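One structure below.
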Amino acid sequence: MEKTVVVVGVDDSERSFYALEWTLDHLFLTVLEKCPFKLVVVHAKPASTTAIRQDLKRMAAKVLEKAKGFCEAKLVNDAAFEVMEGNARYVPCEAVENHQASVLVVGSHGYGALKRTVLGSVSDYCAHHAHCSVMIVKKPKNKH
Amino acid sequence: MKVLVAIDESEESFYALQWAVDDLLSYSPAAEENAIAAVTLLHVYPPFQPFIYPSGPGMHLVYATPVVIHSVNKAQREKAASILSRALTICTEKNVKAETLIMEGDAKDKICEMADELQVDLVVMGSRGHGAIKRAWLGSVSSYCVHNLHCNILVVKLPLGEGKPTGSK
């Protein structure tokens, strides 16, 4: 049976890991035996000069290690992990194309309207430009 | 997991519902009493402005008569009911428990309001795939909801090549 590919975008923020955890809990834990989803975790590494490249590489590796840990803790062992160089907005959309994903999951920065206008919103960009369904996971203010 | 699915008469929102039901909700473990999700189908219809702006110079607002208002309201309610019954059928076909809700008002406000009130975990909606410019002028329910909902949101798009293309650059 062809699996539905789910791409989750992660960076080093707690919100994006919350998004990964939510996805694992709700899409993957519910059907252990015949899981219809294939998970791809993508981290966007900003394009950089050689000076800080090492640092960024290290951070990317840490992020993916943490993501791997999360997945294995939830018994998802066949997830794919990728680092793609580029802007955080474009990378998830590109990953969707590469993997022919049906769902893209991203966390949300929870910026207010002003910050969002100035800084732009990755989740908004993805919601409108990804060629698949997009799930935006928000971390609740008071975790119950 | 409590899910709210926003339905209107567009093909996109029905596709969103079908997709959600097929891919997300029909995989409940066999013996589980409380299924994966409790689904609320929400349909919001715009309020009927009971006045008519006649064209022509120096004309005043004309208020529609109660008969007209009544029949328009009735037609709106009937339309809402038929939309929701179609949506409910999609759910029951896949053994997904769902209940329906009809509201009058601005779709994006009402969706956010109900999502908060019902304390849902996820809102599912279709996206009309307007381009950036159309979205700025016409407004976008999904854009508004993406920013203002306090819970997760899933925006489902028609696959490329089927119906309208998804957002353009």
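The values are calculated or read from the model by the stated rules, or taken from the named source; none is laboratory data. Treat the numbers as computed from the prediction; the structure is a model and nothing was measured. Positions of Cβ are backbone-derived with ideal geometry, glycine not excepted, and every protein chain shown enters the neighbour counts. These accessible areas exclude ligands, DNA and RNA; they are computed on the full protein's heavy atoms, side chains included. Shrake-Rupley method; radii C 1.70, N 1.55, O 1.52, S 1.80 Å.
Give the accessible area for B:Y63 in Å² (nearest 10); use a 1.4 Å probe, count only protein heavy atoms, and leave out ligands, DNA and RNA.
150
Given a Förster distance of 41 angstrom, what is the FRET efficiency for B:N95 paired with A:E72, based on the Cβ-Cβ distance and rounded to 0.05?
0.80
Report the local net charge at B:V44: Lys and Arg +1, Asp and Glu -1, summed over other residues whose C-beta lies under 14 Å from its C-beta.
-3
Holding the Cα-Cα limit at 18 Å, pick out from A:K38/A:K68; A:K74/B:K2; A:K45/A:K66; A:K138/B:K2; A:K3/A:K45 the pairs that are longer than that.
A:K74/B:K2; A:K3/A:K45
Sorting A:I52, A:I136 by accessible area (1.4 Å probe), largest first, what list results?
Final ranking, largest accessible area leading: A:I52, A:I136.
Label-point separation (nm) for B:E78 and A:S48, each offset 7 Å from Cα along Cα-to-Cβ?
6.5
Using a Förster radius of 22 Å, what is the FRET efficiency between B:S71 and B:S10 based on their Cβ-Cβ separation? Nearest 0.05, please.
According to the calculation, E is roughly 0.35.
Could you tally the net charge around A:V10, taking each other residue with its Cβ under 12 Å from the Cβ of A:V10, Lys/Arg +1 and Asp/Glu -1?
After counting each charged neighbour, the total is -1.
Which net charge results for the neighbourhood of B:A115, defined as the other residues with beta-carbon distances under 13 angstrom from its beta-carbon, given Lys and Arg at +1 and Asp and Glu at -1?
Around B:A115, the surrounding residues sum to -1.
Distance in nm between label sites at B:L61 and B:D109, each 7 Å beyond Cα in the beta-carbon direction?
Once both label points are built, they end up 1.6 nm from each other.
Given 0.36 nm per residue, what is the gain on full extension from B:Q119 to B:H150 after removing their alpha carbon distance, in nm?
Gain on extension, B:Q119 to B:H150, equals 10.2 nm.
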